[in-house]
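Taking it in order: structure first as structure tokens, then the write-up.
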Amino acid sequence: MSHAQNPVMEALIARRSGNARALAAPGPDARAVEAIIFAASRAPDHGRLVPFRFLQIAEAARPRLADLLEAASLELDPALPRPEVERAREKADQGPVIFAVIARIEADHPKIPASDQWLAVGAALENMLLAIQSLGFAAAIRSGKFLETTAMRGGFGLAANEHVVSLVAIGSPVEWPPEKPKPALDRVFGVWNG
Ligand SMILES: Cc1cc2nc3c(=O)[nH]c(=O)nc-3n(C[C@H](O)[C@H](O)[C@H](O)COP(=O)(O)O)c2cc1C
């Protein structure tokens, strides 16, 4: 691939997800966390509504997060077998640093469509991932229906127009998962001839 000598292009192309179960200490320290959030907040943002915010899970709050994850999994399926409940709880333990990415979407904004706001949140997430990896760490995104449960929403004190869109576990990669297949250029690019 040409442009491989360009460090920004290299970082863009090299971005990949880490394995949430293989994220060791050290994670990013306070200065690195600030740099990562700063990079995330530079995302393109139509109307500058700032439709994103980020919470770092405090170390002392991990057991509380595990309880919320358990409550969320049981809210979705009250008959969930215990081992799967435990697997849900484990997300609170993965990675020396965990962020919650929160979207705040003004669905009835007179000018800026909700889809633009969601895209800004996605752009912020991507900036965050690129910053994390460029600082030598790996990140694993965790999302799913559990994020929209009343347990999680209540636990995070969300406003009605807010959504936890993902938990991002960050740490030093002990191992990387196999690289995921990526689409060929001709699948994602063409010329519109009118
Ligand atoms: C919004 C969002 C949510 C995601 N949620 C999960 C998840 O719950 N579990 C997971 O293993 N990966 C999750 N991922 C990561 C994708 O699975 C991953 O990016 C994809 O497999 C491509 O792999 P790569 O990141 O290594 O290129 C999520 C990614 C995005 C953008």
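The values are calculated or read from the model by the stated rules, or taken from the named source; none is laboratory data. Since we're looking at a predicted model, the values are computed, not measured. Every residue, glycine among them, receives a Cβ derived from its backbone with ideal geometry; neighbour counts consider all protein chains shown.
Brief remarks on what is shown
- Taking the criterion of being assigned to a helix (DSSP H, G or I) and surrounded by 13 or more Cβ atoms within 10 Å (Cβ to Cβ), the residues of segment 70-85 that qualify are Glu70, Ala71, Ala72, Ser73, Leu74, Glu75, Leu76, Val85.
- For segment 6-37, a residue qualifies if it is assigned to a helix (DSSP H, G or I), without any contact (Cβ under 8 Å) to a residue 60 or more places away in the chain and not basic (Lys, Arg), and the qualifying residues are Pro7, Val8, Met9, Glu10, Ile13, Ala30, Glu34.
- Residues that are assigned to a loop (DSSP other than H, G, I, E, B) and within 16 Å of the ligand (Cβ to nearest atom), drawn from segment 148-173: Thr149
- Sole residue being more than 23 Å from Ile57 (Cβ to Cβ) and either at pLDDT 95 or above or under 17 Å from the mean Cα position of the chain (by Cα) (or both), chosen from Pro183, Pro96, Pro177, Pro173: Pro183
- Verdict on Trp192 being in a loop (DSSP other than H, G, I, E, B) and among the aromatic types (Phe, Trp, Tyr): yes
- Subset of segment 119-140 that is over 21 Å from Asn6 (Cβ atoms) and surrounded by fewer than 21 Cβ atoms within 10 Å (Cβ to Cβ) - its residue that is farthest from the ligand (Cβ to nearest atom): Leu119
- Of all the listed residues (Ala43, Ala20, Ala30), the sole one being within 16 Å of the ligand (Cβ to nearest atom), farther than 24 Å from Pro177 by Cβ and either modelled with pLDDT under 95 or of a type in the set (A, V, I, L, M) (or both) is Ala43.
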